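The values are calculated or read from the model by the stated rules, or taken from the named source; none is laboratory data. No experiment lies behind these values; they were computed from the predicted model shown. Every residue, glycine as well, gets a Cβ built from its backbone with ideal geometry; the counts of neighbours run over all protein chains shown.
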Amino acid sequence: MNHAQKGFTLIELMIVVAIIGILAAIAIPQYQDYTVKSNAAAALAEITPGKVAFEQAINEGKTPSLTAADEGFIGITNPTSYCTVSINAAADGEIKCTGINGNAAKFNGKEITWSRTADGEWSCTSTLDAKYKPGKCS
């Protein structure tokens with residue numbers, strides 16, 4: 001009687017498990033880095049449109065605000081999906097986004113800030129580690 005094999009041997013299963021373990025050890029940290037980068041980019045995208053409204057408010061002599069009822073409302077809801085937003089309404093003010101819980105852990109509590117000079121130039125800075133910073137931020 002010759003019986004045909006109908007399954008995997010133990011060694012074949014152990015090799016498959018080892019390969020899956022190696023792939024997971026590489027993929028999981030890379031995925032975590034990717035989520036921090038994507039959270040930072042999304043947060044920057046949420047606050048960036050506020051720069052135009054901030055400029056408009058300053059040029060019209062209004063005080064930039066995060067309150068929808070104010071004349072100088074800059075169009076950003078607070079909190080956004082990724083951060084709490086604060087502003088410094090001076091002519092050389094800033095729009096600051098602080099990462100909130102529920103996002104990638106390495107993004108929580110970190111800041112992305114658009115800073116305005118008195119002559120209207122904007123620059124982006126961030127407290128994130130360099131490998132997570134959005135491309136526009138230093």
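The table below gives the values:
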item	result
Qualifying position, being among the β-branched types (Val, Ile, Thr), surrounded by fewer than 12 Cβ atoms within 10 Å (Cβ to Cβ) and farther than 19 Å from Lys136 by Cα, among Thr80, Thr67, Thr84	Thr67
Residue within the range 106-117 that is out of contact with any Asp or Glu (no Cβ under 9 Å at 6 or more places or on another chain), among the hydrophobic types (A, V, I, L, M, F, W, C), in a loop (DSSP other than H, G, I, E, B) and modelled with pLDDT of 90 or more present	no
Neighbours by Cβ (under 6 Å, 6+ apart or cross-chain): first from the range 122-138, surrounded by 15 or more Cβ atoms within 10 Å (Cβ to Cβ); second aliphatic (A, V, I, L, M)	Ser126/Ile112; Leu128/Ala40; Tyr132/Val36; Tyr132/Ala40; Pro134/Ala40; Pro134/Ala41; Pro134/Leu44
For Ala41: the one exception among (1) surrounded by fewer than 16 Cβ atoms within 10 Å (Cβ to Cβ); (2) in contact (Cβ under 8 Å) with a residue 60 or more places away in the chain	(1)
Number of the condition not met by Glu60 [criteria: (1) surrounded by 12 or more Cβ atoms within 10 Å (Cβ to Cβ); (2) within 30 Å of Asp92 (Cβ to Cβ); (3) modelled with pLDDT of 90 or more]	(1)
Residue match in the range 66-78 (condition: modelled with pLDDT of 90 or more and either under 25 Å from Pro29 (Cβ atoms) or under 12 Å from the mean Cα position of the chain (by Cα) (or both))	no
